[in-house]
Protein chains: 2
Amino acid sequence: MTSRNSYHHGDLRQAVLAAALDVIAAEGPGALSLRDLARRAGVSHAAPAHHFKDRTGLLTAIAAQGYDLLADALADAPELSERGVRYVRFAVDHPAHFTVMFQPELLRADDPALLAAKDRASAELRAGVTGLGSVPDARTAGIAAWSLAHGFATLLLTHNLDDPVGGRDPGEVFRSLTGSMFGADLPRTKTEQRNG
Amino acid sequence: MTSRNSYHHGDLRQAVLAAALDVIAAEGPGALSLRDLARRAGVSHAAPAHHFKDRTGLLTAIAAQGYDLLADALADAPELSERGVRYVRFAVDHPAHFTVMFQPELLRADDPALLAAKDRASAELRAGVTGLGSVPDARTAGIAAWSLAHGFATLLLTHNLDDPVGGRDPGEVFRSLTGSMFGADLPRTKTEQRNG
DNA sequence: GCCCGTATCTAGTCATTGACAAGTTGCGGG
DNA sequence: CCCGCAACTTGTCAATGACTAGATACGGGC
């Protein structure tokens with residue numbers, strides 16, 4: 001699957017990406033070694049560079065793929081709270097992507113593919129907020145919602161909430177979180193927002 | 001200041017720590033090089049190892065210092081919302097510490113100094129929640145508050161909120177955030193919490 | 001005032017890595 | 001059939017983390 005006996009690997013780009021995700025999820029981006037990934041794929045030490053240019057290029061490709069996956073995950077979610085749940089689930093399901101996406105110093109910020117994917121994801125995030133209706137300050141509410149979901153996801157991935165969450169589905173735990181803050185169900189109406 | 005003409009540096013540990021914080025704040029933990037820090041301090045390439053053992057030891061020392069600073073910053077804050085503001089301010093004022101503190105794979109998790117400092121900070125965080133009184137689920141509320149502050153801080157440091165925040169004080173922006181979610185002022189009473 | 005234990009720092013070394021250059025293989029269009 | 005180009009290999013260099021052995025000087029004990 002990952003290596004062939006022919007001169008050409010056949011699918012080296014995917015093989016390296018997959019191996020990289022494993023390493024990052026297990027030991028973080030700092031443990032990434034292009035030469036190690038090459039060994040795992042059974043190719044020479046310089047082969048990965050042809051597909052990703054360098055270490056930064058590989059991480060940038062991962063981040064771009066991550067933003068695309070996030071945009072897909074958020075698409076067609078009815079309520080704001082449901083987008084939050086999906087945001088958290090995305091982080092748990094794709095920890096390596098999520099980790100790399102939010103470490104700008106590891107990435108090539110002007111990469112076209114990265115920018116495009118990031119725009120897609122941003123649009124989906126904003127779409128969730130506009131669904132709130134004409135809330136007093138939709139922008140502030142959007143930042144609050146994003147902060148809540150992002151903080152919960154980050155604390156989860158950094159093992160700061162292992163005890164409270166236990167074995168429960170993190171998405172459901174987050175749902176109960178938003179419930180305890182806003183009341184039973186989101187999105188709230190304009191009137192509720194003013195009184196809340 | 002950073003180097004002396006005597007054989008002994010005099011304060012190498014502090015000099016290396018300070019230089020490391022600069023590097024991390026500017027280029028992230030991945031850009032840290034013990035040899036580079038040694039050059040900046042004007043000592044031999046192996047000198048820092050005497051104080052921190054290895055790269056992981058240095059990062060662990062920074063994280064421990066960070067948790068101590070955070071505990072200090074949170075101490076004696078009257079309300080929960082004020083602790084949130086201070087949490088965000090800590091992240092903005094000590095970006096290198098904050099970054100390293102929440103990347104467990106960079107640290108030696110069983111380091112005594114790290115564990116002690118982390119416990120201090122945890123106690124301060126929990127103290128803020130108990131101030132809420134007998135809220136339905138204090139633990140859930142605590143996680144929600146921590147997630148909100150942590151997420152906002154993380155998004156700030158990763159330059160995902162540059163436009164919305166502009167030049168304003170991030171602490172004040174966060175204060176307005178909590179206000180838009182919970183109402184005018186925190187902590188809310190038990191009754192408000194039920195109705196909210 | 002001297003001596004010695006030890007913390008601090010130096011000098012040298014090795015394996016590993018990222019990055020780059022130059023060459024080889026083989027797929028696929030014309 | 002052949003040729004351009006993408007995919008991969010081989011070789012190399014500087015930089016780094018980690019380790020070892022040794023030099024230096026600070027400070028307590030006498």
Q: For the range A:52-61, indicate whether the set of residues that are surrounded by fewer than 17 Cβ atoms within 10 Å (Cβ to Cβ), of a type outside the set (Phe, Trp, Tyr) and more than 12 Å from DNA strand C (Cβ to nearest atom) is non-empty.
A: no
Q: Can you tell me which residue within the range A:35-59, out of those that are hydrophobic (A, V, I, L, M, F, W, C) and within 14 Å of another protein chain (Cβ to nearest Cβ), is nearest to DNA strand D (Cβ to nearest atom)?
A: A:Leu58
(Q) Need the failing condition index for A:Val85 against (1) more than 14 Å from DNA strand C (Cβ to nearest atom); (2) surrounded by 16 or more Cβ atoms within 10 Å (Cβ to Cβ); (3) within 13 Å of chain B (Cβ to nearest Cβ), just the number. (A) (3)
(Q) Suppose we keep only residues that are at the interface with chain A (Cβ under 7 Å from one of its Cβ atoms) and touching a residue at least 24 places away in the same chain (Cβ under 8 Å) within the range B:103-131. Which one would you say is surrounded by the fewest Cβ atoms within 10 Å (Cβ to Cβ)? (A) B:Gln103
Q | the range B:132-152, residues that are loosely packed, with under 15 Cβ neighbours inside 10 Å and either more than 9 Å from every other protein chain (Cβ to nearest Cβ) or within 18 Å of B:Ala73 (Cα to Cα) (or both) | A | B:Gly133, B:Ser134
Q) Are any residues in the range B:153-183 more than 7 Å from chain A (Cβ to nearest Cβ) and in contact with an Asp or Glu (Cβ under 8 Å, 6 or more places away or on another chain), and if so, which ones? A) B:Gly179
Q) Do we find a residue being more than 14 Å from chain A (Cβ to nearest Cβ), away from DNA strand C (no atom under 16 Å from the Cβ) and not hydrophobic (A, V, I, L, M, F, W, C) anywhere in the range B:67-75? A) yes
Q: Could you pull out the residue among B:Ala77, B:Ala63, B:Ala96 that is outside any helix (DSSP H, G or I), in the same structural domain as B:Arg139 (by TED's automatic domain parsing) and not charged (D, E, K, R)?
A: B:Ala77
Q: Go through the range A:22-49 and give me each residue that's within 22 Å of A:Pro112 (Cβ to Cβ) and more than 8 Å from DNA strand C (Cβ to nearest atom).
A: A:Pro29, A:Pro48
Q. What about B:Ala64, is it away from DNA strand D (no atom under 16 Å from the Cβ), at pLDDT 95 or above, within 17 Å of B:Leu157 (Cβ to Cβ) and within 15 Å of the chain's Cα centre (by Cα)?
A. no
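Quick test for you: out of B:Asp36, B:Asp68, pick the one residue that is in contact (Cβ under 8 Å) with a residue 12 or more places away in the chain and not assigned by TED's automatic domain parsing to the domain that holds B:Tyr87.
B:Asp36
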Q) Residues B:Gly10, B:Gly30: which one is on the phi > 0 side of the Ramachandran plot and more than 13 Å from the chain's Cα centre (by Cα)? A) B:Gly10
Q) Do we have any residue at all in the range A:122-132 that's in contact with a helix residue (DSSP H, G or I) (Cβ under 8 Å, 6 or more places away or on another chain) and more than 30 Å from A:Glu172 (Cβ to Cβ)? A) no
(Q) Can you list residue pairs whose Cβ atoms sit under 6 Å apart, with the first residue in the range B:141-170 being within 19 Å of B:Pro95 (Cβ to Cβ) and the second being assigned to a loop (DSSP other than H, G, I, E, B)? Count only pairs 6 or more apart in sequence or on different chains. (A) B:Leu155/B:Leu161; B:Thr158/A:Phe102
Q | Identity of the residue in the range A:18-34, within 12 Å of DNA strand D (Cβ to nearest atom) and aliphatic (A, V, I, L, M), that ends up farthest from the other protein chains (Cβ to nearest Cβ) | A | A:Leu34
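The values are calculated or read from the model by the stated rules, or taken from the named source; none is laboratory data. Note that the structure is predicted; figures quoted are calculated from it, not measured. Because the Cβ atoms are built from the backbone with ideal geometry, glycine has one as well, and the counts that use them run over all protein chains shown.
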